[in-house]
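A quick write-up on the structure given underneath.
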Amino acid sequence: MILSFHKTGLASLPSRQQSRRLTIEELIDETLAQVSPDQGPFAGELLFNRMILRAWENRALDSLDISREEFTEVLTRKGWRYNAARHQWFQTLQRAPAGFQFTF
């Protein structure tokens with residue numbers, strides 16, 4: 001179980017409106033736009049922590065049912081690579097080909 005608290009400073013009443021279920025791809029795309037709008041390097045923890053908040057706000061925490069390998073595969077397909085020395089994701093110009101094999 002992951003607990004995250006986010007104080008926006010704005011009071012609000014719970015919404016009775018049903019949010020549509022976000023896919024993991026949508027969560028990653030929306031969160032990448034916030035974390036790295038200029039497509040600069042970022043820490044993976046920052047992306048995932050923001051994704052948790054975004055999913056929580058949209059009542060879509062079940063969308064986060066993804067393994068580390070699946071998470072890595074989605075980012076790699078979107079043209080991101082992990083720099084293990086700096087512990088950061090960075091944008092590349094080339095997207096991973098279909099069927100690309102990952103090693104950990």
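The numbers here are math on the coordinates, done by the rules we state, and not lab data. Keep in mind that this is a model prediction, so the values were computed, not measured. Every residue, glycine as well, gets a Cβ built from its backbone with ideal geometry; the counts of neighbours run over all protein chains shown.
Observations on the structure shown:
- Each peptide among 43-53, 28-38, 82-92 gets the average number of other Cβ atoms lying within 10 Å of its residues, and from highest to lowest they stand as 43-53, 28-38, 82-92.
- Cα gyration tensor of the stretch 24-91 - equivalent ellipsoid semi-axes, whole Å, descending: 19, 13, 10
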